[in-house]
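Everything below concerns the one structure shown next.
Please treat every number below as a calculation from the coordinates, not as lab data. Please read all numbers here as calculations on a predicted model, not as lab measurements. Ideal geometry is used to build each Cβ from the backbone, glycine not excepted, and the neighbour counts take in all protein chains shown.
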Amino acid sequence: MDRILVRPNGPLTGEVTISGAKNSALLLMAATLLAPGEHVLTNVPRITDVATMTELLGAIGVESERDATTVVLRSPASLLPEAPYELVARMRASIGVLGPLLARCGEARVAVPGGDDFGSRPIDMHLSGLEALGAKFELEHGYVRGWADGLRGAPVTLEFPSVGATENILMAAVLAKGSTVIENAAREPEISDLADLLNAMGAHIEGAGTSTIEVEGVETLHATKHETIPDRVEAATFLAAVAVTGGDVLLRNARADDMEMYLRKLADMGMTVTPTLEGVWSRGPERLRSVDVSTLPYPGVATDYKPLFTVMLAVADGVGIVTENLFAGRFRYVDELIRMGADVRTDAHHAVVRGRTRLSGAPVRAPDIRAGAALVVAGLVAEGETEVSGVEHIDRGYEDFVGKLAALGAHIERIST
Ligand code: EPU
């Protein structure tokens, strides 16, 4: 199993290019199931979740090839509408094939994703939204089997603006007969990216990026070419690394508009962040100031940024309270940070972080993608050596994380044993 070794080496400086967004790319890939033909997606990150989605689409019948950043997906005339447990268990986003398969094939059999490191993550809103469009579901042997004798557009009001449910319902609605209105829809930039692709494929969607999405169903869609938006969570991760090291870095391709609330919080902490023509330029202060942070659906502070805040607050001046409102179990990395000398107390969905002037390098384990990246960021300013295991989690969502940090001057290496 690979590990990442990291030591402090002063402020990060230079330029880093932000890759395409994982959470966009995965759903854009799933959306190609909606139309036969040759789909071309550009700016697709080289990460293992993309490899897993490629494997899943392959099992469904889609051939693919990729070069550095482009993925070509050939969706055949007939598909095998099934997502096996082995792949869904590896990556929850696999549930994103459910809507497209139902819309295109009229049936689907998809393994039910279990809980994960964030705690329980149900799919009830995905199913009830698709049911509103006329799909029927049955749970059998750990799989949800769905079928629809022609989907029909309908009003759908989500109980909570779930990203995955909005995406699944949207992808089903584009081929449903008549109009669908999704109320309380998720507003994440990845939803707008998906809607842009679907519209380029011939769909009629309005309002993506707002809480009300209107879809007028069409008979068929066609393959097209589409560029994935940049990854706001990868950008946020590098900004946190600049923040804790007091660095000075240009994040090429990063989009300030997609992380407005995060940037506002960073400014409150004393960072300078300026949108430029090339991306976002950032400079960290001598020492960060503490702030309180509460995660919320977009445009609120994303839950994915939370471990980064906890690390920044661990070395900031003052006390900050971090509140998690989306995933009950998303504080598991805190014990690892405490092993590095951080002063963090958790109580239910709150964490109180008292900033310290120093952290101390230690062997730690990445419990999930974002927490893993945050532990590496902590290692950039922890005295001595930090050894992060569980690197396979980081690989799921970060393209060449070690290489990019090393190019900014970090003392970091990846070792295999
Ligand atoms: N929820 C339900 N029922 C549902 C769907 C969701 O109760 O049918 C709950 C979830 O349990 C959670 C909340 O609603 O408490 C929000 O979940 P959401 O559906 O919005 O999340 P998701 O679509 O499963 C995506 C990202 C996550 C990101 C969340 C929140 C992808 C592939 N994943 O997950 O990204 O944390 O939105 O913004 O887009 C990551 O990249 O590391 C990651 C976990």
message: Pairs of alpha-carbon atoms within less than 8 angstrom and 6+ residues apart define the contacts here; what relative contact order does region 341-397 have, in percent?
response: 33
- line: Put in order of increasing Cβ neighbours within 10 Å, starting from the fewest, F238, F160 give F160, F238
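Where both residues lie in the chain, what percent of DSSP beta bridges are antiparallel, nearest 5? Don't jump to the answer; show the numbers that get you there.
Details: 56 of 80 bridges.
Approximately 70 percent, going by the DSSP bridge assignments.
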- prompt: Charges only on Cβ, +1 for Lys and Arg, -1 for Asp and Glu: so what's the dipole of the chain about the Cα centre, in debye to the nearest 20?
  reply: 800
- prompt: When we measure straight from the Cα of K265, which aspartates and glutamates land under 13 angstrom away, once same-chain ones fewer than 8 places off are left out?
  reply: D292
message: Using DSSP to call loops (not H, G, I, E or B), can you name the GluC sites (Glu not before Pro) in region 144-201 whose Cβ has at most 14 other Cβ atoms within 10 angstrom?
response: E159
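Charges at C-beta only: +1 for Lys and Arg, -1 for Asp and Glu. How large is the resulting dipole of region 201-271 about its Cα centre, in Debye rounded to 20? Don't skip to the end; give the middle numbers.
On the way: 6 positive and 12 negative charges, 73 e Å.
So the magnitude is around 360 debye.
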- line: Projecting the Cα atoms of G300, A328, L313 onto the charge dipole of the chain, where Lys and Arg contribute +1 and Asp and Glu -1 at Cβ, the residue farthest towards the positive end is L313
Considering only region 162-256, percent of DSSP beta bridges that pair antiparallel, nearest 5: 90
- prompt: lysines within cross-link reach of K22: Cα-Cα under 22 Å, excluding same-chain residues under 8 positions apart?
  reply: K225, K306, K404
task: Just report the Cα centroid separation between region 335-388 and region 49-86, whole Å.
output: 37
S294 paired with A348, simple spin-label distance in nm, labels 7 Å along Cα-to-beta-carbon: 1.3
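Determine the relative contact order of region 285-349: mean sequence separation of Cα pairs under 8 Å and six or more apart, normalised by residue count, in whole percent. All intermediate terms of the calculation are to be shown ahead of the outcome.
Working: 76 pairs, mean separation 22.6, N = 65.
Relative contact order, region 285-349: 35 percent.
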message: With unit charges on the beta carbons (Lys and Arg positive, Asp and Glu negative) and the dipole taken about the Cα centre of region 21-123, which residue among L34, T52, S64 sits farthest to the positive side?
response: L34
- request: Could you name the lysines whose alpha carbon sits less than 22 Å from that of K177, not counting residues in the same chain fewer than 8 places away?
  value: K136
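Mean separation of Cα pairs under 8 Å and 6+ residues apart, divided by the residue count of the chain: what relative contact order is that in percent?
On the way: 1058 pairs, mean separation 87.1, N = 417.
Relative CO of the chain lands at 21 percent.
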- prompt: Going through region 247-336, which GluC sites (Glu not before Pro) have at most 10 other Cβ atoms within 10 Å and a DSSP loop state?
  reply: E286
field: Rg and Dmax [Cα atoms of the chain; Å; Rg one decimal, Dmax integer]
entry: 21.3, 63
message: Between A267 and R252, what is the label-point separation in nm under the 7 Å Cα-to-beta-carbon projection?
response: 2.7
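Under a Cβ-only charge scheme (Lys and Arg +1, Asp and Glu -1), can you give me the dipole magnitude of region 275-401 about the Cα centre, in debye to the nearest 20? All intermediate terms of the calculation are to be shown ahead of the outcome.
Working: 14 positive and 18 negative charges, 87 e Å.
It comes to approximately 420 debye.
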Binned Cα-Cα distance frequencies in region 235-292 - 10 Å width, integer %: 27, 60, 12, 0
- line: Of all DSSP beta bridges having both residues in region 289-371, the percent classed as antiparallel (nearest 5) is 70
